[in-house]
Amino acid sequence: MRSEVEYTNLSGISGPLIFVQGVKGVGYGDLVEIRNGSGEVRTGQTLEVDEEIAVVQVFEGTTGLSIKGTRATFIGKSLEIPTDREMLGRVFDGLGRPIDGAPQVISDLMMNINGLPINPYTREYPRDFIQTGISAIDGMNTLIRGQKLPIFSGSGMPHNLIAAQIARQARLLTAHEEFTVIFVAMGVKFDIARFFIDSLEESGVLPKSAIFLSLADAPSIERLITPRVALTLAEYLAFTEGMHVLVILTDMTNYCESLRELSSSRGEIPSRKGYPGYLYSDLASVYERAGRIQGKKGSITQIPILTMPSDDISHPVPDLTGYITEGQIVLERELFNKGVYPPIAGLPSLSRLMKDGIGEGRTRKDHAQVAAQLFASYAKVKRIRALAAIVGEEELSDLDKIYLRFGNVFEERFLSQGYNENRSIETTLDIGWEMLSILPEEELYRISKEDIQRYYIPQKGDV
Amino acid sequence: MKEASITGRIISVNGPIVKAEGLTEISMFDIAEVGPDRLIGEVIRLEEDLTIIQVYEDNTGLKPGDEVLSFGRPLSVLLGPGLMGNIYDGIQRPLIGIAERCENHTLIGIADTCYIRKGIKIAPLDPEKKWDFKPTVKEGDVVKEGSVIGELQETELVLHKTIVPPGIAGKVAFIVEAGGYSIEDPIYTVIQDKKIYNGKLADYWPVRKPRPFKNKKSPITPLITGQRILDTFFPIARGGTATIPGGFGTGKTMTQHALAKWCNADIIVYIGCGERGNEMTEVLNDFPRLVDERTGRPLIERTVMIGNTSNMPVPAREVSIYTGVTIAEYYRDMGYSVAVMADSTSRWAEALRELSSRLGDMPAEEGFPPYLATRLAEFYERAGLVETLSNEEGSITIIGAVSPPGGDFSEPVTQHTTRFIRCFWALDKILADARHYPSISWIESYTEYLNDIQEWWSERESEWRVLRNDAMNILLEDNRLQQIVKLVGPDALPEDQRFILFCAEIIKNAFLQQNSFDPKDMYCSPDKQIKLLKAIMCFFRKGKELLLGGLELSKLLSLDAVSEMVRLKSEIGNGEIEKIDAFIQRLEYSLNSLKEEVNIPHTPDFSKGKSANKDI
Ligand SMILES: Nc1ncnc2c1ncn2[C@@H]1O[C@H](COP(=O)(O)OP(=O)(O)OP(=O)(O)O)[C@@H](O)[C@H]1O
Ligand SMILES: [Mg+2]
């Protein structure tokens, strides 16, 4: 154990950073306890250290700290939290401290919130289909246990409703296993947190869930810690307790803004849009904490939610997220304006783990081909709509008109469903076939003849 | 363990960059072991008495005053038998070994075999395993650098040749008899002018230093990938360089995996640089099960993996591509053709950017250091078809993925990379969104190897280049016509142009599209590629004649053979391509019968054919 010395010599305060002078024996990444004149305690972490100065980020922010009267104690280890099953059913702040009035969690097991990188050799490739009851997801962008699948949304769109619907309806087809939700709010308003909590309560999941709240009024720097604290608990529950954990992180855009703030107060050279060059690696250190591990029962599935500034998917936050996650569910303004719920965009959405989690014995044999054909045909609808906008619908060929009809029905029947509507995968695929049967048989070139014979519904009047 | 010869102490820590003093005799790129856990680092800069070290492991907890040690050796890769089938992190620590080693540790009360802890030191190659070695020289023989002195079967697929390292030559004073030896056993001794070299089965080589060869040659054989759009339209030669740029989810990794699985190189080095853990797991799961068509052996037996995933320390990402390419050179020097896949070079460039910014370098474009282009050039320059030191032919083909921010190819990494590669396989977001896979754009992609490798194909099909060019022209013409279609719709075009649109659609669906999950279609042999292309072009050529002869377009489009053509790729396997010949015959027959119709002038025909609603 290192002796803990208190330093009182601050040479500066800038944004969320304090500069402590004359330090000895301080380690990079060390945890720091900071006390101001009135004895209030804050937590920080050492970002940089040389023989003279330690640069410390203060998670609660530096408001109310002064150069004189601030005392810093360096604790020779990284930030750790207690982990225990007892944490389920509880509400914590952004740094993992209880805010529900119940006492502090006590556990012998203190875990470093930064976790450790999972050895790819010991990972288990995720393959178990999670039925969310939402056709656009189950049918075309299947969620797999252990996947990281974000929702790319825009302001005002119903990403929270969708995430709550997933949390409520998600289930495995094959087995009944212990399931829990960890909800992580970063920089969102209280009413959004309230909505999730109520929704978890209604479905009876709340007593088995843990909630971490770093709300809009909390210091922004705290948000950098919140997902790490939550994922540390998730890792404990999944890989020690064998539970299946669904982690909902909202809103990752706020998280990234905090990182940008920290980076700029350190005077770092920014890369795109002022975000630091290491945004990719930083996000990866959060998202890669999802998955399955060989020989362990549990899993961590992540659904990060992010709002794309001005609906721009090439903005660094969605862009770098897309480069790390295993697909994305993209919400589309046009569908939303048409009144489609859930407004899940047909083409840019993708689940990369879908391929190994569906098919015979998992969902249904025709699943992959139906999905591929729906994607291809809907892509064609988009092309024809663009053309129709110019030449007028009347000028289109008969086949093109059929495609337009297919497109409209697809949006109204397949994509659209109720907030409480929970469709089985069979229902989803059957609706898919209804849609495809609007098209002439020859158009279904992504589907085997055998499946066409089995599922295709000849239209009345056709021979 | 040997005593460290050079010691110093840390004076500052900023992320993975550590500054130390007192290491007066240390050289650039030497290994430095840092702090109480002796974390592996490398000297990347020397400034007066300051030594700047980049640390390849998680370095939280390091503090000023901590000790730094060095043996005065450069950061190196251990080259020897046992590399095949292994998976390493960026600094060649075996991930399998790490998992096994962690078994005996519990860090925080729970067994954490699944995590990579810092400070673990494990030999890259098993020091105990005995290899069945057969010498090919005898005592008294004169050998030079690159000479083969013996062989062992590393895996069923790979005959491992033990070669005299560069810089060593002389008379063989000692060589073991055939038998079982480990990489630590003495194997041979070479003496020249009193200089004695004691050789073993494995040897270190500095990771940043290219291994020497005699000379470079121009590539002449294609690297067959089994991917139609690549082999037929944008082929790469053995010893060539290619890049795959594309936004997220457009298919870089899928393409790299397909190449690693099916390309006809002897050895594959797959570098996962700053990408997903699950993608490495997928390779680890699939490759032992997938069987090489030519040899019937599991693909893992010819594959080495470097997995420095996005959540592992960033500096190790920077070095991982050098680790990979050094291993590739080692097998090239045995006379093999090696293919290196690096996914993604952008993550490597970003690691470079992050480290250089912590060093306070002045950035050039988008924060990247000014030496980005030089580093990229150096990397791709390590590809090539060469005459090895022992006068054999070996090659390294490098295929690097690039992940441009926002999918915008005008960014620095894509731009600089295009200067050093000769094959550009551009991924297209629009194709990916439409689930047209592989989403490689036939408009933006290019290859400079067409003339080099043409002969190889012409030997199989004399008309190959013509077929390929005609098909390419249809696609280009289609691209031009689509601009008009966007404005006026396809029906406004004359019939011959609508026919082009139609044929382009067939090429896209029946040829370019190739599903990596379809067991019959995931690998397409060169012969099957030729036959499929022939079928399509037969339809195009004959169809064009018929149209000129006055046949109505709708008659052509509604032929049953047309919808059959789209399914050939997934219904006919590589081993039964005579079925495609049979199809072509049927196609010709039905086209010929249409011809008869044309010959009956001015007779309107209402009796046959379906309604013509097929103007794709
Ligand atoms: N040839 C193919 N056949 C079938 N599916 C494909 C093919 N290429 C790509 N895909 C689909 O596209 C998805 C994304 O591909 P991939 O993972 O290769 O993208 P990427 O370019 O590597 O993205 P990132 O930059 O985010 O790593 C795959 O999961 C798969 O569903
Ligand atoms: Mg990829």
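Long hydrophobic helices in chain B: the complete DSSP H runs spanning 27 Å or more by Cα along their own axis with mean Kyte-Doolittle hydropathy of at least -1.0 are B:314-332, B:464-488, B:526-548, B:578-599.
Applying both filters, DSSP loop and at most 16 other Cβ atoms within 10 Å, to the trypsin sites (Lys or Arg not before Pro) of segment A:1-101 gives A:Arg2, A:Lys24, A:Lys68, A:Lys77. Relative to the longest principal axis of the Cα atoms of chain A, the long axis of helix A:398-409 lies at roughly 40 degrees.
Peptide A:267-275 is shielded by partner chain Cβ atoms: per residue, an average of 4 of them sit within 10 Å of its Cβ. Spacing of the modelled spin labels on A:Arg413 and B:Ala173, each 7 Å from Cα toward Cβ, amounts to 8.7 nm. Expressed to the nearest 5 percent, the antiparallel share of DSSP beta bridges inside segment A:82-356 is 35 percent.
Summarising the amide proton neighbourhood of B:Asp66: residues at separation of 5 or more, or on other chains, whose placed amide H is nearer than 5 Å comprise B:Ile10. Take every DSSP beta bridge with both residues inside the protein assembly as shown and express the antiparallel ones as a percent of the total, to the nearest 5. Around 65 percent antiparallel, to the nearest 5. The phi-based Karplus calculation (6.51 cos²θ - 1.76 cosθ + 1.60; θ = phi - 60°) puts the 3J(HN,Hα) values of segment A:53-67 at 10, 10, 9, 10, 8, 9, 5, 7, x, 9, 3, x, 9, 10, 4 Hz, whole numbers, x for Gly and Pro.
Between A:Glu6 and A:Gln459, full extension at 0.36 nm per residue minus the direct alpha carbon distance yields a gain of 155.0 nm. Of all lysines in the structure, those lying under 17 Å Cα to Cα from A:Lys77, and not within fewer than 8 positions of it along the same chain, are A:Lys24, B:Lys63, B:Lys118.
Take each residue in A:319-330, count the other chain C-beta atoms within 10 Å of its C-beta, and the mean is 4. Take each residue in A:400-412, count the other chain C-beta atoms within 10 Å of its C-beta, and the mean is 1. In this calculation the C-beta distance from A:Thr427 to B:Lys209 is compared with R0 = 60 Å, giving a FRET efficiency of 0.45. Dividing the mean sequence gap of close Cα pairs (under 8 Å, 6+ apart) by how many residues segment B:191-276 holds gives a relative contact order of 24 percent. Ordering of B:58-69, B:160-171, A:144-155 by packing is A:144-155, B:58-69, B:160-171, highest average first (other Cβ atoms within 10 Å, averaged per residue).
Here the simple spin-label model places points 7 Å from the Cα toward Cβ, and for B:Met28 and B:Glu378 these points are separated by 0.8 nm. A protection proxy built from the mean count of other Cβ atoms within 10 Å ranks the segments A:208-220, A:120-132, B:466-478, most packed first, as A:120-132, A:208-220, B:466-478. Note on the protein assembly as shown: helix-only mean residue ellipticity at 222 nm, from DSSP H runs of 4+ residues weighted -39500 (n - 2.57) and normalised by residue number, equals -9500 deg cm²/dmol.
The alpha-carbon of B:Lys486 sits under 21 angstrom from the alpha-carbons of these lysines, leaving out residues fewer than 8 places away in its chain: A:Lys380, A:Lys382, A:Lys401, B:Lys429, B:Lys508, B:Lys614. Note on B:Cys538, B:Cys263, B:Cys273: ascending count of other Cβ atoms within 10 Å places them as B:Cys538, B:Cys263, B:Cys273, the fewest first. Once the C-beta distance of A:Glu394 and B:Ala582 is scaled by a Förster radius of 41 Å, the resulting FRET efficiency is 0.40 to the nearest 0.05. Straight Cα distances below 19 angstrom link B:Lys214 to the lysines B:Lys144, B:Lys161, with same-chain residues fewer than 8 positions distant left out. When only Cα pairs below 8 angstrom with a gap of at least 6 residues are kept, segment B:389-544 shows a relative contact order of 17 percent. Segment A:112-141 and segment B:544-568 have Cα centres separated by 47 Å. Bridges between two residues of chain B, per DSSP, are antiparallel at a rate of about 70%.
I need the GluC sites (Glu not before Pro) found in segment A:38-119, filtered to DSSP loop residues with at most 12 other beta carbons within 10 Å of theirs. Taking segment A:38-119 and a limit of 12 other Cβ atoms within 10 Å, the loop GluC sites (Glu not before Pro) found are A:Glu40.
Of the residues A:Tyr403, A:Tyr275, the one with the fewest other Cβ atoms within 10 Å heads the list, and the complete ranking is A:Tyr275, A:Tyr403.
Projecting label points 7 angstrom from Cα along Cα→Cβ for B:Arg541 and B:Met362 puts them 6.2 nm apart.
Seen against the Cα atoms of chain A and their longest principal axis, helix A:226-239 is set at about 70 degrees. Remark on A:Tyr28: its backbone amide H falls under 5 Å from those of B:Gly61, B:Leu62, B:Lys63, a criterion applied only to residues 5 or more positions apart or on other chains, H modelled at 1.01 Å from N.
Every number in this text was worked out from the coordinates using simple rules, so none of it is lab data. Quick caveat, the model's predicted, so the values are computed rather than measured. Positions of Cβ are generated from backbone atoms using ideal geometry, with glycine treated the same way; all protein chains shown enter the neighbour counts.
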